[in-house]
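Following: one structure in structure tokens, then a few remarks.
Quick note: the coordinates plus some simple rules give every number you see, no bench work behind them. Everything numeric in this text was worked out from a predicted model, so none of it was measured. Methodologically, a virtual Cβ is constructed for each residue, glycine included, from the backbone with ideal geometry; neighbour enumeration extends over all protein chains shown.
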Amino acid sequence: MASSDGQDPSYVMKCRIGIDGRWQNIPGRLCELLGYSRNELMELPFSYIFRDDKKDTANNIETRILNNNLKEFEAELPATNKSGSVVWLYVSGAMIKDNSGNPQYVICYIHDITEGKTYQQKLEESEQKFRSLFQHNPDPVYYFDREGNFKGVNPKLVEFTGYSREKLLEMNYEDFITEKDLKRTKEYFARALSGTSGEYEIQVQIKDGQRKDIRVSKFPMYVGNKVTGVFGVFHDITQEKRANKQLSESEERWHRLLEKNPQPVQVTQDANIIFINEAGAKLYGAESPKQLIGKSVYEFCEPEKIEKIKTRKNRLENGKTVKDKFDHSIIRMDGESRYVEISSIPITYQGEPAVQTVIHDVTERKEKEQFIKDSLNEKETLLKEIHHRVKNNLAVISGLLELQAMNTSDDTTLNTLRDSQHRIHSIAIIHEKLYQSDALSEIGFEAYLKELVQSISQTYETAERKIDITYNLEPASLNIDQAIPCSLIVNEVIVNCFKHAFKSAKRGTINILTRFDRPNLTLEIHDNGCGLPENFDIHQQQSLGMTLIQTLAEQLDGKINFRSNGEGGTIFKLHFATSQ
């Protein structure tokens with residue numbers, strides 16, 4: 001760099017310093033370099049301009065000269081200019097004495113070596129960075145001469161090969177390369193010597209005889225513009241290679257398994273088919289799997305189902321849960337529609353996220369289910385119609401009995417006809433409940449029981465007699481084979497309460513309760529009427545009502561019991577096992 005006065009940085013600045021340590025003569029170039037005027041410097045000691053950490057050095061030189069201990073001196077010193085910047089100076093000089101040997105002044109020669117010093121510092125920093133990168137690199141690093149002999153190795157290469165640093169520096173790269181990779185390695189080495197970098201994978205053999213797979217980067221080593229050798233760095237990929245091989249073998253087995261799988265299997269990315277086996281191609285009506293690769297699954301979906309399938313796809317791709325199985329239908333390439341049940345999971349296919357789907361063709365099952373459903377609907381409709389007609393026919397019979405009762409004046413005959421009407425009405429209510437029920441096999445017994453008892457109460461209750469009826473019923477369902485005999489038993493017991501227990505009473509109470517301890521049902525009817533006759537035994541009773549109760553209890557395979565409640569009145573109990 002040229003100075004303002006046209007002189008280059010190597011220009012020697014001659015100056016003189018008095019024995020008091022102050023400047024006596026200062027060249028303009030030095031004033032310009034330090035940023036001070038000549039008058040300012042003349043007021044300062046020689047040591048002032050040097051950085052604090054070097055002032056002791058400058059003072060020591062000055063003191064030793066003045067004490068006649070040093071005739072000549074030289075030193076590299078950093079100086080601080082007026083603006084605070086550092087410049088490097090090479091200072092040399094000697095003490096000048098008179099003829100008597102007395103010190104007169106010090107003559108100094110000062111060179112500006114800032115540029116050279118800066119270059120040297122950068123070179124040292126660069127060398128330090130290189131050494132740090134070389135020595136502490138997590139991968140093995142080395143360099144060769146032009147013949148391929150090791151000239152530098154880092155600790156990782158020593159660790160990797162098992163050889164000492166000294167032994168490696170006696171070896172050539174060819175000592176490590178397996179025979180199958182030697183030719184290719186020489187080619188890359190020659191390219192590096194010609195100035196071309198390269199990366200490649202080879203196999204090497206280390207000290208203990210192991211073979212390792214490595215990924216190598218080679219590049220030329222320059223000194224000036226000349227290639228003097230080759231740098232190298234490599235990464236041990238033995239485990240990576242082994243894992244890739246295992247993955248490849250696993251994927252190959254997976255492919256073989258799926259290709260021969262009799263169940264249709266497909267793999268999709270963004271709903272596009274990227275793999276499908278023969279069974280899957282056959283399901284879609286394709287001639288081969290290749291015919292489907294790249295096609296979107298939406299092409300084979302019913303339009304109204306596409307949004308649901310898109311939602312399921314998005315959830316799978318985002319790692320969210322979906323139903324294990326999903327039913328929909330596909331439209332084959334020939335236009336035929338097939339019902340399918342699919343199970344999908346997210347997978348990684350060839351390194352990319354994908355969705356694997358197993359498809360079950362359930363067309364035959366769906367058709368059979370639909371046939372059974374239609375058949376059941378027909379039968380249910382038929383059964384409802386039968387129950388409806390039975391109820392109507394029972395109503396006709398009840399109506400005929402009513403006509404007969406209207407033409408009868410005999411009280412005994414009239415009571416018999418009324419009792420028969422109640423029995424027929426009890427059965428008719430059951431058929432009405434079945435006709436109205438969603439499940440034709442069962443009747444909600446508690447609701448039916450209330451309706452039956454209320455119907456009997458309306459028949460026998462008069463303005464002169466008020467019977468209160470309370471209920472404590474647990475929910476239970478009976479099939480028709482149990483509901484009819486149970487209802488007829490309830491009919492006989494309730495009618496007996498009105499006809500006999502409260503024959504002359506104006507008020508009374510009947511309590512009806514059920515307990516359902518699956519599968520056992522217990523029915524109890526309590527009244528506070530006149531009670532049972534003395535020495536009452538149901539098995540000795542010959543009336544039609546009591547005979548019916550015993551016969552119907554046997555049909556239910558149940559147990560019945562009449563007993564006094566201890567406070568006047570009667571308790572009837574029926575216990576049997578339901579079909580639930």
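Give me the one-decimal nm value for the distance between modelled label points at Glu259 and Ser83, 7 Å along each residue's Cα-to-Cβ direction.
Placing both labels 7 Å along Cα→Cβ, they lie 7.6 nm apart.
Calculate the FRET efficiency for Leu544 and Arg465 from the Cβ-Cβ distance with a Förster distance of 30 Å, rounded to the nearest 0.05.
0.80
If we sort 94-102, 469-477, 567-575 on the protection proxy, mean other Cβ atoms within 10 Å, highest first, what's the order?
Packing order, densest peptide first, comes out as 567-575, 469-477, 94-102.
Could you give the dipole magnitude of region 184-234 about its Cα centre, charging the beta-carbon of Lys and Arg +1 and that of Asp and Glu -1, in debye to the nearest 20?
About 100 debye.
Output the peptides 555-564, 283-292, 264-273 sorted from most to least packed, where packing is the average of other Cβ atoms within 10 Å over each peptide's residues.
Ranked by mean Cβ neighbours within 10 Å, highest first: 264-273, 283-292, 555-564.
How big is the Rg/Rh ratio for region 137-236, C-alpha atoms only, Rh by Kirkwood, two decimals?
0.93
What percent does the relative contact order of region 451-580 come to when contacts are Cα pairs within less than 8 Å and at least six residues apart?
Value for region 451-580: 28 percent.
I need the peptides 444-455, 234-245, 157-168 ranked by packing, meaning the mean over residues of other C-beta atoms within 10 angstrom, with the highest value on top.
Highest to lowest by the protection proxy: 444-455, 157-168, 234-245.
Anything over 21 Å Cα to Cα? Flag those among Lys14/Lys97; Lys183/Lys212; Lys180/Lys245; Lys313/Lys373; Lys305/Lys325, in the order listed.
Table pairs above 21 Å Cα-Cα are Lys313/Lys373.
How much length would be gained if the chain were fully extended between Asn318 and Glu341, taking 0.36 nm per residue of separation minus their Cα-Cα distance, in nm to one decimal?
Full extension of this stretch gives 6.1 nm more.
Given Thr118, Gly195, Tyr142, which one lies farthest toward the positive end of the charge dipole of region 115-223, if we put +1 on the Cβ of every Lys and Arg and -1 on the Cβ of every Asp and Glu?
Gly195
Does a label point 7 Å from the Cα of Asp208, set along Cα-to-beta-carbon, have any residues of region 157-197 with amide nitrogen under 12 Å, and which are they?
Zone members listed by number: 160-163.
Starting from the Cα-Cα distance between Val223 and Thr118, subtract it from 0.36 nm times their residue separation and give me the gain in nm to one decimal.
Between Val223 and Thr118, full extension yields 35.8 nm more.
Sticking with the crude label model, points 7 Å out along Cα→Cβ, report the distance from Asn565 to Gln135 in nm, one decimal please.
10.7 nm
Using the alpha-carbon centroid of each, what span in Å lies between region 546-564 and region 31-49?
Cα centroid to Cα centroid, the span is 135 Å.
So if the hydrodynamic radius of region 250-361 is defined as the Kirkwood radius over C-alpha pairs, what does Stokes-Einstein give as its diffusion coefficient at 20 °C and 1.002 mPa s, in µm² per second?
152 µm²/s
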